[in-house]
Amino acid sequence: MSKILIKNGRVISTTGVVEHDLLIDGESIAALGAPGYFDAVEPTCDRVFDAAGKYVLPGGIDVHTHMELPFGGTHASDTFSTGSVAAAWGGTTSIIDFAVQRTGERVHDGLAAWHAKADGQCAIDYGFHMIIGGVDEDSLAAMRDLTNNEGITSFKLFMAYPGVFYSDDGQILRAMQTASELGSMIMMHAENGPAIDVLVAQALARGETDPKYHSLTRPVEMEEEATFRAIMLAKVAKAPLYIVHMSAKEAVEAVAGARGRGANVFGETCPQYLYLSLEEHLAKAGFDGAAYVCSTPLRAHSEGHQEALWNYLRTNDLSVVSTDHCPFCMKGQKDLGLGDFSKIPNGIGSVEHRMDLLYQGVVTGEITLERWVEICSTTPARMFGLYPQKGVLLPGSDADVVIYDPHRSTDISAASHHMNMDHSAYEGIHVDGHVDTVISRGSVLIENDTFTGRVGHGKYLKRGLSQYLL
Ligand code: DUC
Ligand code: ZN
Ligand code: ZN
């Protein structure tokens, strides 16, 4: 059992920033104390990190990743191994990935396949949500078993992608009723898929094939309408509802309205919706915009979505920032959609950059340090039943710790990132701040710009019910 002392740092929690030293014993946090409090035990420590001038925060938790997801005629290009190492580089010490039940498949078979992919392959701890791709008696029974026995307490449903993951309103209601009975969380991809499919076919018939039509055929109204419908169905079923990857301000307005009425409705957004846009990225000349095809789509900057999303992050109508990490290479994957935007695999990879990109919100005054930690670590832990094991630096919590250096900077580039992608959606972006040291359950994963961790270190996280309900 090794002992680690982190001294002279500024420890960030949701409630403030304090100068505290932190003692790690084995895999857990042993104690926090005023600067110098652990001087007497320092000689007995195996490692001592001087965090003077740096921040000390709970490891990031990215609750929305898709490692190796079969999608769009190919597979997301990060394995659990490459993706979890990349996450560690970026200060993320836990992920919750989406295990998949495809239409026609049994939930338990889909789950077993996901365990087989991840087992022994992760550098950081990981849990699963379950995508329910076919709501029927079998899958509803499986929801009960997963919640009660497997530590999977959240289920994603799709109002989009007919023929792939889509559920109709009746199926959604039934799954929500089951979630209500169990206390589990419904996660919703809220876009009106059948209507979008009509708009896509019409655009293609007009010869509109460039990547930008991906967004133009998924207008704001399709996200807004589906979000509102999901909220109404959840109200009828009395189920908690978490809307994933929100990009349209009008849709978040619907979440804010429901929250104002006291409903257990929560919103998540992703860095791409805070920083990237239809005009500047998706509409790039030629096929370059394909890099930015994801769903929900990037929105028009001129419509004010980015400003509104930052504001909703401050008001907690958006409670979590995840990445929806779903990487595809340009060559051999995104190029499946050359000449037909609807065949471009949907997804952006950024599991490595979430903590840095959100820290930019602190630098630019959009959010406080406390809010940074809250939306990237503490709320994700509470929302998905991992608190206080994760998401907080308290005695007894897992020693998942990031030392963050606000005096260094990071240049994001495919040439230096660790994700298995031949491009970066954030190529050339310069961010203030740099992940200095990353510790996962007392093991040092990153220090001195070197990965010192181990694939296989990461453990499966059996989660409890949400601790975030109103
Ligand atoms: N959206 C994406 O962009 N990729 C994967 C699935 C999804 O809903
Ligand atoms: Zn989705
Ligand atoms: Zn997703």
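The values are calculated or read from the model by the stated rules, or taken from the named source; none is laboratory data. Note that this is a predicted model, so its numbers are computed, not measured. Methodologically, a virtual Cβ is constructed for each residue, glycine included, from the backbone with ideal geometry; neighbour enumeration extends over all protein chains shown. SASA here: full protein model, heavy atoms, side chains in, ligands and nucleic acids out. Shrake-Rupley method; radii C 1.70, N 1.55, O 1.52, S 1.80 Å.
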Arrange the residues F228, F98 by how much accessible surface each exposes, largest first, with a 1.4 angstrom probe.
F228, F98
The alpha-carbon center of region 1-77 and that of region 290-367 are separated, in whole Å, by 27 Å
Could you tell me the distance between the Cα centroids of region 104-179 and region 262-276, to the nearest Å?
21 Å
Give the relative contact order (percent, whole number) for region 267-308; include only Cα pairs under 8 Å separated by 6+ residues.
44 percent
For region 454-470, in order, what is each residue's ³J(HN,Hα) by Karplus, 6.51 cos²θ - 1.76 cosθ + 1.60 with θ = phi - 60°, in whole Hz (x at glycine and Pro)?
8, 5, x, 5, x, 10, 5, 9, 7, 9, x, 6, 4, 9, 10, 5, 6
Can you find, among T14, Q272, H66, the residue sitting farthest towards the positive end of the charge dipole of the chain, where Lys and Arg contribute +1 and Asp and Glu -1 at Cβ?
T14
Relative pair counts by distance (%), Cα atoms of region 295-350, 5 Å bins:
5, 16, 17, 20, 17, 12, 9, 4, 0
Let me check I have the definition right: for the chain, take the eigenvalues of the Cα gyration tensor, multiply each by 5, take square roots. What are those semi-axes in whole Å, largest first?
35, 25, 21
Distant-in-sequence amide H partners of A76 (H built 1.01 Å from N, under 5 Å):
E68, L69, F71
For a quick check: with amide H placed at 1.01 Å from N, whose amide H comes under 5 Å from G458's, ignoring anything fewer than 5 positions away on the same chain?
C122, A123, I124
Nearest 5 is fine: what % of DSSP beta bridges in region 59-383 come out antiparallel, could you say?
5 percent
What is region 289-442's relative contact order, in percent, from Cα pairs under 8 angstrom and six or more apart in sequence?
23 percent
Tell me which residues come under 5 Å, amide H to amide H, from T452 once H is placed; ignore anything under 5 positions away on its chain.
I446, E447
Compute the relative contact order of the chain as a whole-number percentage, counting only Cα pairs closer than 8 Å that sit 6 or more residues apart in sequence.
22 percent
Shape of region 1-69, Cα gyration tensor, a/c cut at 1.5
oblate
Hull volume per residue for region 314-462, using the convex hull of the C-alpha atoms, in Å³ is 158 Å³
For a test of the definition: using alpha carbon positions, the gyration tensor, and the 1.5 limit on a/c, classify region 340-414 as rounded, prolate or oblate.
oblate
Helix-only mean residue ellipticity at 222 nm, the chain, DSSP H runs n ≥ 4 weighted -39,500 (n - 2.57), per residue, nearest 500. What is it?
-8000 deg cm²/dmol
Rounded to the nearest whole number, the Stokes-Einstein translational diffusion coefficient of region 381-470 at 10 °C and 1.306 mPa s (Kirkwood radius, C-alpha pairs) in µm²/s is 103 µm²/s
For Y161, Y166, Y426, the accessible-area ranking with a 1.4 Å probe, largest leading, is Y166, Y161, Y426
Please sort 180-190, 22-32 by packing, taking for each peptide the average over its residues of neighbouring beta carbons within 10 angstrom, highest first.
180-190, 22-32
For region 106-191, size of Cβ-based charge dipole, Lys and Arg +1, Asp and Glu -1, in debye:
140 debye
Pairwise Cα inverse-distance average, inverted: Kirkwood Rh of region 64-154 (Å):
13.6 Å
Heavy-atom accessible area per residue - the chain, 1.4 Å, Å²
34 Å²
Would you work out what percent of the accessible area of the chain, with all protein chains in place, is carbon or sulfur (probe 1.4 Å)?
51 percent
R106, R441, R382, ranked by accessible area, largest first (probe 1.4 Å)
R106, R382, R441
Karplus ³J(HN,Hα) for region 143-156 (6.51 cos²θ - 1.76 cosθ + 1.60, θ = phi - 60°; Hz, whole; x = Gly/Pro) runs 4, 5, 5, 5, 5, 7, 10, 10, x, 10, 10, 9, 9, 9
Residue by residue through region 316-332, which ³J(HN,Hα) values in whole Hz follow from phi under the Karplus form 6.51 cos²θ - 1.76 cosθ + 1.60 (θ = phi - 60°), with glycine and proline marked x?
6, 6, 10, 9, 9, 10, 10, 9, 6, 4, 8, x, 9, 6, 5, 7, x
Per 5 angstrom bin, beginning at 0 and ending with the bin that holds the maximum distance, the Cα pairs of region 179-233 fall in percents of 4, 18, 22, 17, 13, 9, 7, 4, 3, 1
